[in-house]
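A short worksheet on the structure shown next.
The values are calculated or read from the model by the stated rules, or taken from the named source; none is laboratory data. Keep in mind that this is a model prediction, so the values were computed, not measured. Neighbour counts are summed over all protein chains in view; Cβ atoms, including those assigned to glycine, are modelled from backbone coordinates with ideal geometry. Ligands, DNA and RNA are stripped out before the accessible areas are found, and what is left, the full protein with its side chains, is counted by its heavy atoms. Shrake-Rupley method; radii C 1.70, N 1.55, O 1.52, S 1.80 Å.
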Amino acid sequence: MSRYDAIVLGAGAAGMMCAAVAGQRGRRVLLVEHGDVPGRKILISGGGRCNFTNIGTAPDRYLSANPHFAKSALSRYTAQDFLALVERHGIAWHEKTLGQLFCDGSARQIVDMLLDECAKGQVELALGRSIAAIDHADGRYRVTTSQGETSAPALVIATGGPSIPKLGATGFAYDLARQFGLKVVEPRPALVPLTLGPDEALFRELSGVAAPVLARAGKAAFAEAALFTHRGLSGPAILQISSYWRHGEGIGIDFLPGHPAGWLAAAKRAEPRATLRRLLARDLPDRLAEALAERLALPAELANTRDAALTEAERRLADWRFEPSGTEGFAKAEVTIGGISTAELSSQTMEARKAPGLHAIGEAVDVTGWLGGYNFQWAWASAWAAGQAL
């Protein structure tokens with residue numbers, strides 16, 4: 001049986017980062033990956049350019065049963081720290097919008113950088129190893145794979161959540177956590193498109209139309225683009241609020257954020273012969289303007305419309321209600337919300353309180369960031385915290 005100081009399960013963002021940090025601290029590390037390729041989720045992220053962090057990272061941009069849990073790791077390994085690593089490797093980058101940092105070239109540069117960091121730490125990478133069993137005895141974790149048995153006093157769960165199963169994602173992390181007595185917060189899809197029922201068929205005809213909106217779910221609100229799809233709603237604003245939305249709840253869309261109260265009555269006085277559709281088309285795509293005007297069903301010209309009806313139209317346009325029937329599920333979810341309960345872990349070391357030597361990091365844990373590089377930053381920060389403790 002091969003013996004190591006630490007075994008890291010999962011060669012994704014968090015797993016590679018953790019293995020590299022521990023290896024460069026002189027630990028003998030085995031990094032086990034059931035797939036044949038490391039960093040598959042990194043490779044498809046950001047349209048293939050990897051939105052690797054966000055310079056606006058702050059704990060209040062993460063969802064968790066314990067909103068304070070992420071503070072320690074995020075403060076000790078920041079977006080600037082990861083950016084410095086990117087620059088040391090000569091990777092060109094740019095800020096897109098809202099603090100999102102992307103590679104100028106390919107996401108593969110980030111994977112290659114992490115593999116290079118692992119190599120510097122003499123990390124042993126074991127690809128294509130399906131795990132048959134894991135147990136703990138005499139202070140060591142024994143991992144049985146398709147290639148035999150290995151053991152170490154420390155084991156790191158970095159296998160992510162079940163989002164994007166076509167990349168090999170599973171709920172393995174939760175099964176392993178439960179095996180060692182750790183609680184799991186119910187996982188559900190996050191950063192995922194929402195589906196609409198048949199009563200919203202008119203909007204299905206707008207498939208492919210996008211517009212800047214303010215989307216709301218509960219107390220959360222995001223001003224970004226929304227996209228109509230043949231199944232419902234998508235786009236950055238919708239993906240953001242999907243993390244806050246719960247089945248049975250409605251969402252609100254402000255199609256004209258920034259328009260002042262009374263703007264329609266003012267337009268009626270300034271342009272009495274204008275139509276609502278024409279006014280909407282100044283700020284919205286033609287097809288969307290037509291669909292909204294059709295639903296509001298005002299008289300053809302504003303001059304023929306009572307101010308009370310214009311006020312009601314304004315109200316609906318500022319908070320257009322949709323009742324999503326569901327989401328597109330883990331298949332289309334960028335991340336998973338929920339996961340291994342933070343109540344079970346040390347925020348300093350990511351180590352399980354009930355199982356000494358067992359750590360959980362990245363998406364496997366009940367910490368989920370906003371869209372835009374926040375989840376990668378949690379991967380780097382939580383991995384760094386665990387890597388320092390191994």
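Kindly indicate whether Q348 is under 30 Å from F180 (Cβ atoms), open to solvent by 10 Å² or more (accessible area, probe 1.4 Å) and not aromatic (F, W, Y). Taking the combined requirement at face value, the residue satisfies it. Residues that are among the acidic types (D, E) and outside any strand (DSSP E or B) were ranked within region 154-208; the one that is surrounded by the most Cβ atoms within 10 Å (Cβ to Cβ) is E200. Take T368 and tell me if it is surrounded by 24 or more Cβ atoms within 10 Å (Cβ to Cβ) and in contact with a helix residue (DSSP H, G or I) (Cβ under 8 Å, 6 or more places away or on another chain). In short, yes.
Among the residues of region 223-247, the ones that are surrounded by fewer than 21 Cβ atoms within 10 Å (Cβ to Cβ) and either acidic (D, E) or part of a strand (DSSP E or B) (or both) come to 4 in all. Taking the criterion of being closer than 10 Å to G387 by Cα and open to solvent by 20 Å² or more (accessible area, probe 1.4 Å), the residues of region 22-46 that qualify are Q24, R25, R27.
Test T311 against the criterion of being among the hydroxyl-bearing types (S, T, Y) and open to solvent by less than 10 Å² (accessible area, probe 1.4 Å), and give yes or no. Considered against the rule, which asks whether it is among the hydroxyl-bearing types (S, T, Y) and open to solvent by less than 10 Å² (accessible area, probe 1.4 Å), T311 comes out as no. Residues in region 114-153 that are outside any strand (DSSP E or B), touching a residue at least 60 places away in the same chain (Cβ under 8 Å) and open to solvent by 60 Å² or more (accessible area, probe 1.4 Å): 4 in all. Which residue is nearest to G46 (Cα to Cα), if the candidates are limited to region 319-354 and must be in contact with a Leu (Cβ under 7 Å, 6 or more places away or on another chain) and among the small types (G, A, S)? Applying the filter and picking the extreme gives A333.
Only one entry of H89, H94 meets the criterion of being exposed (fewer than 15 other Cβ atoms within 10 Å of the Cβ) and without any contact (Cβ under 8 Å) to a residue 12 or more places away in the chain, and that entry is H94. Taken over region 346-365, the criterion of being farther than 12 Å from I157 by Cα and either in contact with a Lys or Arg (Cβ under 6 Å, 6 or more places away or on another chain) or part of a strand (DSSP E or B) (or both) is satisfied by no residue. Being of a type outside the set (D, E, K, R), without any contact (Cβ under 8 Å) to a residue 12 or more places away in the chain, open to solvent by less than 70 Å² (accessible area, probe 1.4 Å) and outside any loop (DSSP other than H, G, I, E, B) is the requirement here; does A14 meet it? Judged against the criteria, A14 is not a match. Picking from residues in region 47-58 that are open to solvent by 10 Å² or more (accessible area, probe 1.4 Å) and modelled with pLDDT of 95 or more, the one that is farthest from I110 (Cα to Cα) is A58. Selection of region 263-282 for residues being part of a loop (DSSP other than H, G, I, E, B) and either exposed (fewer than 13 other Cβ atoms within 10 Å of the Cβ) or touching a strand residue (DSSP E or B) at 6+ places or on another chain (Cβ under 8 Å) (or both) yields P272, R273, R282.
The rows are residues; the columns are (1) assigned to a strand (DSSP E or B); (2) surrounded by 17 or more Cβ atoms within 10 Å (Cβ to Cβ); (3) of a type outside the set (G, A, S).
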| position | (1), (2), (3) |
| --- | --- |
| A291 | no, yes, no |
| R316 | no, no, yes |
| I337 | yes, yes, yes |
| A381 | no, yes, no |
